[in-house]
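Single-structure report; data block below.
The values are calculated or read from the model by the stated rules, or taken from the named source; none is laboratory data. Predicted model only: the values in this text are computed from it and were never measured. For neighbour counting, all protein chains shown are included, and Cβ atoms are generated from backbone atoms with ideal geometry for every residue, glycine included. What goes into the accessible areas is simple: the full protein's heavy atoms, side chains included, and nothing from ligands, DNA or RNA. Shrake-Rupley method; radii C 1.70, N 1.55, O 1.52, S 1.80 Å.
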Amino acid sequence: MSDNTTATQPAGVRHYSSLGSRVFDTLNIILLGGLALITVLPLFYVLAGSFATEGEISARPFFLWPEKFVTSTYEYIFANDTLLRSLLTTIVVTAVGTVVQVLLTFSMAYPLAKRYLPGRTLVLNLVIFTLVFGGGIVPTYLVVRDLGLLDSYWALILPLAINPFYLIIVKSFFQELPQALEEAARIDGCNEMGVFFKIVLPLSKPIIATFSLFYAVAIWNDYMSPLLYINDNSKWTLQVLVRQLTSPDAANAIGALDSAVFFPQQGLKFAVVVIATLPILCFYPFLQKHFAKGVLIGSVKE
Amino acid sequence: MATDLAPPATKAARKAEKGRRPGRVPVRTALLRYRWLYLMLIPGLLYFVLFKYLPMYGLSIAFQDFVPFLGYSDSPWVGLKHFENLFTGPDFGRLLFNTLFLALLTALFVFPAPIIVALLLNELRVSVFKRYVQSLIYIPHFLSWTIVFSLTYLLFSVDFGVVASWIHSLSGGGPKVDYMAQPEWFRPLVILQLLWKTSGWGTIIYLAALAGVDPNLYEAARMDGAGRWRQFWHVTLPAIRPTIVVMAILTSGNLLDQSFEQIWLLTNSLNRSVADVFDTFVYYVGVTQGGYSYATAVGLFKGVAGVVLIFGSNWLAKRLGQRGLF
Amino acid sequence: MSAARRRLLAGLLTLTTAAAVSACSGGGDEAEGDSSTLSMMVPLFGTAPDPKGEIQTAVEKLIGKKLNITWVPNAEYNEKTNVTLASDALPDVMVIQDNKGPSFVKAAEAGAFWDLTDKLDKYPNLKPKSEQTWINSKTNAKNYGIYRVRPLLRSAIVIRKDWLEKLDLEMPKTTDDLYKIAKAFTEKDPDGNGKKDTYGMILPKWPGTTFSASSPYNVMDVWFGAPNNYGMRDGKLVPEFDVPEFWEAQKYIKKFIDEGLVNPDWATLDTAKWNDPFIQGKGGIIIDVNVRAGQLFDGFKELDAETYDEKVAMAGNLSRPDGKKFSYPFTGFNGIIAVSKQHVRTEAQLDEVLKVLDKLASKEGSILVSNGIEGRNFKVEDGFAVKINDQDPQMKVINNDVEKAFIQLGMTSSVGVPGGAYEWMRPSQAEKDWLKQRDELMNLDLQTAVHDPSLPVISQTAVEKGATLNPIVTDARIKYLAGELTEEQFKAEIKRWYDSGGTQILTELQEGISKVGG
């Protein structure tokens, strides 16, 4: 086979020198750069707005740097420890939840990827059915209540433990994995579970990274579960707070304007978006590392 | 031998499975032989039974006038009333058309976008730049529709929209176009918003698939004299084809679901005729009627359509020689 | 499916359901609330108060009971209300935001909540102070709760004061005056920048689909003498949009739009951004609730603390060209506080709960939930409340607990209706004048208020066909104003409304109104 230096290079980096190739590269850089720009400009506005006064947000339609730089919205948000506490709660729930969910999803996907397993099609059909049909909010709430999970952090994790959509994608990824190593391990006396933990999971790092990200973000962004299942306000997660400040609220609609209430201000909205997005953004580069290391699969010798 | 460049991994997998596929075996033998696999299946099955199938009785309220306080046993049964209202209501034709039209546009423009972006990213040779672009374009996923809507308004408002006035001055004056109000601009705006919000995030799954490609394959292709285009065509594309197929089949099931908040925020009196879809109509019914039962009836209808679409596209994928979902 | 597979499935199912059943048996029996604790469900606008915080402790001391409050974020309050109704774990006392909504009405009619129609007279603070609001808050002739008071008349016109003065114009008294002001604001360069870049009135997008939405359009309809939502004409109930006065109003509004006296994005402007053109100096008139003037004061203050008090003026409802005046009122309440029957079973227990609520609605109670603790977080000056040390972290906590949470339990006091509590002091003279003027205008316009007689009645047809019926006339009006429909086409849409169920709604409402009024 080929020499080791190429094998350890990321898949995307290859060398070409033809003219057409260079033209393509230039166009590609411009195109993707432009794409990044149109996603990032409005976000800069959100960031800038979070540091601007309410008056300025009303007075200037669009800006990337506030005329008067203030941190009052952030001071307001961090004035009491509620936000920090909910941030901490969210981080812990997200971390634990992601591990549980990835483990459950991957361990169910593995047997489903084995075409020779009797009963597999039936289970798959059952799973696909839940992609499009669901009992609804109220019956799910009743199940959670009857399991005694109300006011427990597990209520934020277990009802969403396996996303059928992800399950099927993971299953498909497993089907593409080379069988040679699994065979070898079996011959060495490993049972299927051993093969899964010792061979398959280590081989699936890019996929694990991907779905960890998906699950983590799903838990992170979930505001409905804490709202329905958690009555104890001290256990609320960050998104409940975010949602409260950014939802298209009836409070601002005509007539419903309730003078007894202070409205979520624009600047505050923006600041909350920034706070709720930053931590999960920091998570991504760690995973990105694994995407680049996808070459592991290639180490299997035929 | 350019045509024979499918990833060996896949071929090996197929061969291995073919070799091990047994005939009919007695249950006890199967349970015994695959006990570890079944054991691994149990926690997941338990989850599906508890949190997905146990609450399914909730679907029965499509045939009731459900009152939350009375619950499932005491709410009055009304038979097919809600389905009759749905199918014979004066809005049904329009709702179905709008929903299907948006679904079609989504399938045509929104679904392929992340694939294209992922492939372009994959061809980038400056890896620092690649990393930056990659991290930036998925951020919109984290913004709520409310924020996306405010940004849209900021750009397209006829009064102060940045983009709107830009287009206006470029096109040389004339009357200003109100993009937010005119029915013909409603669908393009919905698609633009979707593209902006979801394309970057959607690339992740394809990038993960691309990361799994064996670099030796490119090496081998190059030795065979394949240029960049042919490497793309014969190595890169086949490598993510299974992922594309699976994603296509799965998303087809939810094609009739539109994001309620997105549509609702963009709707106004002037564009409602094209904006109303099942998901927003269910909301309006909910406001006046409580609407749990009606919403469930619509959900059932969409679910049946979704099942047909999933199994239909799965069948189609297999006919076209792809692996499909199972 | 083969027999083997079927048996396999059966085995798995037995296994999992067994696990499910054994897991289920634990839950179910909720602890019975003892009578020294009162459980409540209340909407929340900020962070939840600490149950051991100063305000909650003070409230508990006042009412002589422990409180167990479930705070629910406002945006999802109705969702949570429905789940709570379905879960048969109702709190003793619940704030109901939408007391005309079907899930509450059906629950109340099925006996989930106490009917308080004849029960409040012996509680001095709960006894309704406004007969009109008491009627407005009824659900089919019954009161299933105590209304949370709001000003009964809040409609007003906010105008750029500096523009008026620059162009040497008077405050409007009639609809014609307002038109002239809007015209001048558009054409006479009120900001003096030499460019014709301003417009008179700022109109926002229509909220939702209901025709009667307290929008500026509804207010203007009423000014011209049209009914507020529904009204009696010659002993027959007619809708707002089917009287000659309505068409007068439409011609008036259409003139604003056709002549470019309103914001070009009037059909789409997000209500959350309604203030922006006013503050940016693009438009100079807003017709809405009077408290919007306070918001605008605050907005200008952040831009320029020196001149902000010179920019906002407020006028009340206007009289139509022939000098007759009709004013647009509001409902006078925002949701109700209902008592559930689940734990409060006997009349004696109900009496105990109502006594608690009576204390909460008293002067001391109102001050506690709307202002806080006198001498701790606020003091009283000239009859106004003034914050003490509001930068102190502890005070911030108290103020948050009051303004974002406990104020939701206020039944007899609110901004504009001080009841027993105090209005907050405003710093500038202009704002103090504005507060005084606001109260005067409210009392003055209340005399010419046109109330909506259909409020206490629920029409079954409107419930069942509302989603289809509501947008018909609402959208037709906007399209007519935008010039997309002719008057004939608009009238055809009104006829379509009648034919698709409108006629039936009118019959049902008229029947219900005669019962309530009788």
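Couple of notes before you dig in:
- Summing Cβ point charges (Lys, Arg +1; Asp, Glu -1) relative to the Cα centre of the protein assembly as shown gives a dipole of roughly 5060 debye.
- By the equivalent-ellipsoid construction on the alpha carbon gyration tensor, the stretch B:180-326 comes out with semi-axes of 41, 20, 12 Å, ordered largest to smallest.
- Normalised size of the stretch C:231-379, defined as Cα radius of gyration per 2.2 N^0.38 Å with N residues, equals 1.57.
- Burial annotation for the stretch A:95-118: residues with an accessible-area loss of at least 20 Å² between the isolated chain and the complete set of protein chains, computed on heavy atoms with a 1.4 Å probe, are A:104, A:107, A:108, A:111, A:115, A:116, A:117, A:118.
- Here, P(r) means the percent of Cα pairs in each 5 Å bin from 0 to the largest distance; for the stretch C:379-443 it is 4, 15, 20, 26, 20, 12, 3, 1.
- Label point distance in nm, residue A:30-residue A:282, each placed 7 Å from Cα along Cα→Cβ: 3.9 nm
- Number of partner chain Cβ atoms within 10 Å, mean per residue of C:287-295: 3
- Taking each DSSP H run with n ≥ 4 as -39500 (n - 2.57) and averaging over every residue of the protein assembly as shown yields -17000 deg cm²/dmol at 222 nm.
- Derived value for chain C: Kirkwood hydrodynamic radius 25.7 Å. Basis is the mean of 1/r over every pair of different alpha-carbon atoms.
- The residues neighbouring residue A:49, those whose beta-carbon lies less than 11 Å from its own, together hold a net charge of 0 under the Lys/Arg +1, Asp/Glu -1 convention.
- Listed residues A:199, A:95, A:164: farthest to the positive end of the dipole of the stretch A:81-299 (Cβ charges): A:199
- Using a 1.4 Å probe over protein heavy atoms, the accessible area lost on pairing B with C, summed over both chains, comes to approximately 3800 Å².
- Averaged per residue, the protein assembly as shown has 40 square angstrom of accessible surface, using a 1.4 angstrom probe with ligands and nucleic acids left out.
- Buried surface for the A/C pair, taken as the accessible area of each chain alone minus that of the pair with a 1.4 Å probe, is close to 4500 Å² in total.
- Rounded D (µm²/s) - the stretch C:187-315, Kirkwood Rh over Cα pairs, Stokes-Einstein at 37 °C, 0.692 mPa s: 202 µm²/s
- Local charge for residue C:176 was computed over the other residues whose Cβ lies under 15 Å away, with Lys and Arg +1 and Asp and Glu -1, and equals +3.
- Chains A and B, summed buried accessible surface - 1.4 Å probe, Å², nearest 100: 10100 Å²
- Cubic angstrom per residue, convex hull over Cα atoms of the stretch C:31-103: 104 Å³
- Per atom type, the protein assembly as shown shows carbon and sulfur on 61% of its accessible surface, probed at 1.4 Å.
- Taken over the stretch A:148-203, the convex hull of the Cα atoms encloses 106 Å³ per residue.
- Radius of gyration, Dmax [the stretch C:222-277; alpha carbons; angstrom]: 14.7, 45
- Computed over chain B with a Gaussian network model linking Cα atoms closer than 10 Å, the most mobile of B:46, B:309, B:120 is B:46.
- Computed on the Cα trace of the stretch C:43-147, the radius of gyration divided by the Kirkwood hydrodynamic radius gives Rg/Rh = 0.98.
- Mean silhouette area of the protein assembly as shown, derived from the convex hull of its C-alpha atoms and averaged over all directions, reads 47.2 nm².
- Note on chain B: Kirkwood radius taken over Cα pairs, Stokes-Einstein applied at 20 °C and 1.002 mPa s, translational D equal to 89 µm² s⁻¹.
- C-alpha long axis of helix C:77-86 to longest principal axis of chain C, angle in °: 30 degrees
- Residues of the stretch A:190-229 whose accessible area, computed with a 1.4 Å probe over protein heavy atoms, drops by at least 50 Å² once all protein chains are present relative to their chain alone are A:192, A:193, A:214, A:227.
- Calculated FRET value between residue C:349 and residue C:390, using beta carbons and R₀ = 35 Å, to 0.05: 0.30
- Each Cα pair under 8 Å and six or more residues apart adds its separation to the average, and for the stretch A:81-299 the resulting relative contact order is 30 percent.
- Pairwise Cα separations in the stretch C:120-272 fall into 5 Å bins from 0 onward with the following percentages, short to long: 2, 8, 13, 16, 16, 13, 11, 9, 6, 4, 2, 1, 0, 0.
- Within the shell of other residues whose beta carbon sits under 10 angstrom from the beta carbon of residue C:154, the net charge comes to +1, with Lys and Arg scored +1 and Asp and Glu -1.
- Chain C: angle of helix C:347-360 to the longest principal axis, Cα-based, in degrees nearest 10: 40 degrees
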